[in-house]
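What follows is a short report on a single structure.
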Amino acid sequence: MLDAAHLAAEFGDTERLVAAALATNRGFYSAIGTTDSQKVEVLEAALNDLPARSPERALVLATLCSELTHGSPLELRQGLAEEAESIANQSGDDATCVSVLNHLYIPSRCPSS
C-alpha cells in the first residue's frame, strides 16, 4: 500500500494517495514504542493535497495522530486531534466521527516521548 501511495503521489492522484494511505491503517498505530516514518510520510503527503474541510482530511489527520503516538510531543498530537474532530463534526457523517474518535483515543492520552 505504501508503494501504491508513492505512485499515486508521483502522478498527482490525490484520491488514490488518500485511499492507499488510509488502507495501511489497522485501526491503531502500527508500531509500539516507535514511529513508522514511512506511514507518517505518506499521511503527510496526503494531507498536503486534501481540502481543508473534507471528511477524508479528518480521517488522515486522526490516522497521523495515531501513528505519532510514540516519539512525538503531546501538544502536536492534540493539535492534530482538535483539527480532525472539528472537521469530522462539521461533516455530519457519523461513520467519520466514530472512526476519528477511535483513532484519537490512545494518542491523546499518552505523554510526550
(Q) I need the trypsin sites (Lys or Arg not before Pro) found in the range 10-65, filtered to DSSP loop residues with at most 10 other beta carbons within 10 Å of theirs. (A) ARG26
Q: Let me have the relative contact order for the chain, percent, based on Cα pairs under 8 Å that are six or more residues apart.
A: 26
Q: Arrange ASP93, ASP3, ASP49 by Cβ neighbour counts within 10 Å, fewest through most, would you?
A: ASP3, ASP93, ASP49
**Q.** Those chymotrypsin sites (Phe, Trp or Tyr not before Pro) in the range 1-53 that DSSP places in a loop and that have at most 11 other beta carbons within 10 Å
**A.** PHE11
Q. Can you run phi through the Karplus equation (6.51, -1.76, 1.60; θ = phi - 60°) for the range 75-81 and list ³J(HN,Hα) in whole Hz, with x for Gly and Pro?
A. 4, 4, 5, 5, x, 4, 5
**Q.** Sum of side-chain charges, ALA58 neighbourhood, beta-carbon under 10 Å (Lys, Arg +1; Asp, Glu -1)
**A.** -2
Q) Karplus couplings for the range 29-39 from phi (6.51 cos²θ - 1.76 cosθ + 1.60, θ = phi - 60°), rounded to Hz, Gly and Pro as x? A) 4, 8, 9, 7, x, 8, 10, 7, 5, 5, 5
Q. If one computes the Cα centroid of the range 72-106 and of the range 1-46, what distance in Å separates the two points?
A. 17
Q) Could you give me the ³J(HN,Hα) list for the range 85-99, computed from phi with Karplus coefficients 6.51, -1.76, 1.60 and θ = phi - 60°, whole Hz, x at Gly and Pro? A) 5, 4, 5, 4, 4, 5, 5, x, 9, 4, 5, 5, 4, 5, 4
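Every number here is computed from the coordinates shown, using simple stated rules; none is lab data. All values derive from a computational prediction rather than experimental measurement. Virtual Cβ from ideal backbone geometry, glycine too; neighbours counted across all protein chains shown.
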